[in-house]
Amino acid sequence: MQYLNSIQIAEKWGLTKRRVNALCRNGSIEGAYYDGYRWKIPGNASKPEGRNCKKGSSKVGSGKRPLPIGISDYKMAVSGYYYVDKTLLIKDLLDYHPLVSLFTRPRRFGKTLNMDMLRVFFEKTEEDTSVYFKETNVWKAGKKYQKEQGRYPVIFLTFKDVKYDTWEETKINLYSVIQAEYRRHIVLLESDRIINIDKQYIEKMLTGTLDEALWAGTLANLSLFLDLNYGVAPVILIDEYDTPIQQGYMKGFYEDVITFMRNFLSGGLKDNRHVSMAFMTGILRVARESIFSGLNNLNVNSVLENRYSEYFGFTENEVAQLLNDFGQEDKLPEVRKWYDGYQFGNSEIYNPWSVLSYVDSDFFPRTFWQSTGSNEIVGEIVKESSSETLQDLRRLLCGEIVEAYIDTSVVYPEIKRNPSSIYSFLLMAGYLTVRGGQPLHDGNSICRICIPNREIVILYEKEILDKLETVVSTSTAITLQQALLTGNMKKFQEELQEFIMSAVSYHDTSVESFYHGFLLGMCAVMNQYYELSSNRESGEGRYDIQLKPKNKKYPGFLIEIKSVSKEFEDDLEAERALEDLEQSGLEQIKQKQYISELKQYGCERIVQMGVAFYKKKCKVISEETP
């Protein structure tokens, strides 16, 4: 049979190449398969009609199916829900065949569903589970991959719900997860290939009477027992391995949990000939604690890696197909603005949870990616952050790009010791994304980072800037906001002066950049009414801060910041210098015509402000331009 590529089929059918690729991905073109580089499509394939699926078909991609929000069971998802086909992950894993892989991705980006997909594909059971793959892309990839289906025993452990306040509670629930997996393989007690002493070990483990010191070896032993029983080494799947570790760090039993997890995972994965392949997921790669000590064959796939980058989250083609299937193709720009913007390796990725929730909510955009316990760590970091870090956090909120050192193996204890690691954590946790970077010899990168989309801007404000209570209290923010909106510059200066005296360190007040970031943070609380921007070109130069009103009935603001660099022994002399500087700031706005952008926007009123600082003193002057 003659096969054509997507470009040739696009020309033949009068579609775009992107559209043809999307049809291939969702299984709408009979006989199409991906050979690792491109789609190959039968030359005699028929152009899909209607919603691009055959009538009565159970193929993935049918818009008539309910959305799989909160569904992490693969068989359920592919059988009764709208399933975005990610099964080519299986093909890529079999082609590359890493012994032990770790996938680090933000929460709710499909990690657990993908892990359950791997379980259903690889696991040898009495049920014929191939039926769950026969309409998917991995099956179309050929017999080489089909013969791997249902071939292995599987160990599947998920620690995503192990979130407790004490080590004793955590240990009990870790043991419970392990016991449940042993119970799932209770057939081992009937095996004539397992000797009696090993069966006694299994029974003690199941009844909770196993010696405390032996629990760390339960993963290694289960892999041995399964290999002996089936004659083939198992596939090991461990989902959200770092959840109990993060909880231990936050609740004060870090050393206990890290010791157990180190022994448990290393025992099961390091130099274990009773493992065919192992896959783990988490938010962070916990490396420097030696949790994977000596595991030199660990293949780490972070958000910066190209390999497997398209399998966690939705690609633009998949989102376009989803919207098309639900008859809302014109919503793509809105979805892109709210939920796109992630860059995983070389793939542009949408937040899958938010996209599905958006469709389920009658296509009304809002924040669906709600917070979990992970933001507690952000609060810990912010408390220890330097003034420079706080300035960068505010700049990010304004849509700016910040350059930062990204360590993909960021360690929990290091977060407090090294507050700059906040960028690595926020990137791995999904609050930031990359816009290019430079790899370093230590395996990490200098990356250009920013907030990915509108949803995260809102969450960023709630979950990060709300942690800055010691920097901008709610009452102070409201008072400053009201003073600006009512044009009461005297009140604005008084509140600003009072706040500087009570909350800002004398040692921070030395450079203009500090005051810039400080005032930027103060203005950030007005995002309900204004679009905040900083250091942008307008007129004949670059203004310091601009507040563009979302509703043109409010005034627009242009703020130019000045600071006194020299020391004054005389307060009166310092006062005069401040007055001169605030006036020069106002004059600079006029001379450079910084208000050009606001004028073009159509602001009915524009307030020009010169703000001058000297240590813990400030002066504000303003002038309104009709």
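The values are calculated or read from the model by the stated rules, or taken from the named source; none is laboratory data. No experiment lies behind these values; they were computed from the predicted model shown. Ideal geometry is used to build each Cβ from the backbone, glycine not excepted, and the neighbour counts take in all protein chains shown. All accessible areas refer to the heavy atoms of the entire protein, side chains included, with ligands and DNA or RNA removed. Shrake-Rupley method; radii C 1.70, N 1.55, O 1.52, S 1.80 Å.
Worth a mention:
- Once the range 236-252 is narrowed to residues that are open to solvent by 10 Å² or more (accessible area, probe 1.4 Å) and touching a Phe, Trp or Tyr at 6+ places or on another chain (Cβ under 6 Å), the residue that is modelled with the lowest pLDDT is Y249.
- The criterion of at least 3 residues that are under 33 Å from the mean Cα position of the chain (by Cα) is met, among helices (runs of 4 or more DSSP H) falling completely within the range 124-214, by 137-140, 167-184.
- Residues in the range 384-428 that are assigned to a loop (DSSP other than H, G, I, E, B) and aliphatic (A, V, I, L, M) were compared, and the one that is modelled with the highest pLDDT is I401.
- For A233, the requirement of being open to solvent by 10 Å² or more (accessible area, probe 1.4 Å), at pLDDT below 95, of a type in the set (A, V, I, L, M) and touching a strand residue (DSSP E or B) at 6+ places or on another chain (Cβ under 9 Å) is not met.
- Residues (of a type outside the set (V, I, T) and either assigned to a helix (DSSP H, G or I) or open to solvent by 10 Å² or more (accessible area, probe 1.4 Å) (or both)) located in the range 312-325: F314, E316, N317, E318, A320, Q321, L322, L323, N324, D325
- Test: G610 is open to solvent by less than 80 Å² (accessible area, probe 1.4 Å), farther than 22 Å from I500 by Cβ and not charged (D, E, K, R): no
- The selection criterion, being charged (D, E, K, R), in contact with a Ser or Thr (Cβ under 9 Å, 6 or more places away or on another chain), closer than 27 Å to E455 by Cα and surrounded by fewer than 22 Cβ atoms within 10 Å (Cβ to Cβ), holds for E597.
- Residue in the range 39-47 that is open to solvent by 90 Å² or more (accessible area, probe 1.4 Å), over 20 Å from N324 (Cβ atoms), at pLDDT 80 or above and not in a strand (DSSP E or B) present: yes
- Within the range 231-252, being under 16 Å from A216 (Cβ atoms) and not hydroxyl-bearing (S, T, Y) holds for I236, I238, P244, I245, G248.
- Meets criteria (open to solvent by 30 Å² or more (accessible area, probe 1.4 Å), at pLDDT below 85 and under 23 Å from Y529 (Cβ atoms)) for K553: yes
- The sole residue among K548, K566 that is touching a strand residue (DSSP E or B) at 6+ places or on another chain (Cβ under 7 Å) and open to solvent by 10 Å² or more (accessible area, probe 1.4 Å) is K548.
- Count of the range 234-278 residues which are in a helix (DSSP H, G or I), touching a residue at least 12 places away in the same chain (Cβ under 8 Å) and not basic (K, R): 21
- Positions within the range 326-335 being part of a helix (DSSP H, G or I), closer than 20 Å to Y82 by Cα and either open to solvent by less than 30 Å² (accessible area, probe 1.4 Å) or in contact (Cβ under 8 Å) with a residue 12 or more places away in the chain (or both), in sequence order: K331, L332, V335
- Unmet requirement for D211, which otherwise passes all of (1) farther than 22 Å from K160 by Cβ; (2) open to solvent by less than 40 Å² (accessible area, probe 1.4 Å): (2)
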